[in-house]
Amino acid sequence: MTLLRGALAAPPRTLVDVLRRTAADHPDEPALDNGAQVLTYEEFLEAAEEVADDLRAAGIGPGDHVGVRIRSGTVDLYVAIAGILLAGAAYVPVDADDPDERARTVFGEAGVAAVLSDDLELTVRRPRPARTDDDGPSASDTAWVIFTSGSTGAPKGVAVSH
């Protein structure tokens, strides 16, 4: 017996689509709670949009990679990731506790255009004219690039789409 349920599947969506829809449907519900700070979906989306605006002003958008090196467990970490996605770029995480050499290697291999660090500090590596497009990503665009040590011990990037 063959079950063909493809027609019942939801249309392709991006992480940005999911975030915006959830914020529209549940603006006052908690989105982030790290034990010290709580953001509603509306607040979370607003904070992430500010990061996206800063990235666009720096010329960063679809097709770009942005490094993230922010302490784990902070609200800023999730705001940064969402802001990068809202700008249409992909994020490249490196744990804040990892050695600086790993961050240099990973960010270099990924060709990051900028890096977001603690307190949402933006360091632009390749200045470009501001972007005015706000199309956001498509489902086939890269959302993040995760680096593993690989079998050789050298970091290898794996791109993951929306």
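The values are calculated or read from the model by the stated rules, or taken from the named source; none is laboratory data. Keep in mind it's a predicted model, so treat the numbers as computed, not measured. Quick reminder, even Gly has a Cβ in these numbers, built from the backbone with ideal geometry, and neighbours come from all protein chains shown. Just so you know, the surface numbers come from the protein's heavy atoms only, side chains and all, with ligands and any DNA or RNA stripped out. Shrake-Rupley method; radii C 1.70, N 1.55, O 1.52, S 1.80 Å.
What the table below lists for this structure:
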item: Any hit, the stretch 143-156, residues being closer than 17 Å to Asp54 by Cβ and in contact with a Leu (Cβ under 9 Å, 6 or more places away or on another chain); result: no
item: Residue ID - nearest to Phe147 (Cα to Cα), chosen from residues in the stretch 60-99 that are open to solvent by 30 Å² or more (accessible area, probe 1.4 Å), small (Gly, Ala, Ser) and touching a Ser or Thr at 6+ places or on another chain (Cβ under 9 Å); result: Ala96
item: Residue match in the stretch 22-33 (condition: under 21 Å from Asp141 (Cβ atoms), in contact with a strand residue (DSSP E or B) (Cβ under 9 Å, 6 or more places away or on another chain), of a type in the set (A, V, I, L, M, F, W, C) and modelled with pLDDT of 95 or more); result: yes
item: From the options Ala143, Ala103, residue that is open to solvent by less than 30 Å² (accessible area, probe 1.4 Å), in contact (Cβ under 8 Å) with a residue 24 or more places away in the chain, in contact with a strand residue (DSSP E or B) (Cβ under 8 Å, 6 or more places away or on another chain) and under 11 Å from Val66 (Cα atoms); result: Ala143
item: Residue in the stretch 46-56 that is within 13 Å of Ala143 (Cα to Cα), of a type outside the set (Lys, Arg) and either touching a residue at least 40 places away in the same chain (Cβ under 8 Å) or part of a loop (DSSP other than H, G, I, E, B) (or both) present; result: no
item: Single condition Glu29 does not satisfy, out of (1) open to solvent by less than 80 Å² (accessible area, probe 1.4 Å); (2) touching a Ser or Thr at 6+ places or on another chain (Cβ under 8 Å); (3) among the charged types (D, E, K, R); result: (1)
item: Cβ-Cβ under 8 Å pairs, at least 6 apart or on other chains, the stretch 121-138 side touching a residue at least 40 places away in the same chain (Cβ under 8 Å), far side of a type in the set (Ser, Thr, Tyr) and surrounded by 12 or more Cβ atoms within 10 Å (Cβ to Cβ); result: Gly136/Thr14; Pro137/Thr14; Ser138/Thr14
item: Tally, over the stretch 114-145, of residues that are among the small types (Gly, Ala, Ser) and out of contact with any Gly (no Cβ under 8 Å at 6 or more places or on another chain); result: 5
item: Some residue of the stretch 67-84 being in contact (Cβ under 8 Å) with a residue 40 or more places away in the chain, in contact with a Gly (Cβ under 8 Å, 6 or more places away or on another chain) and on the phi < 0 side of the Ramachandran plot; result: no
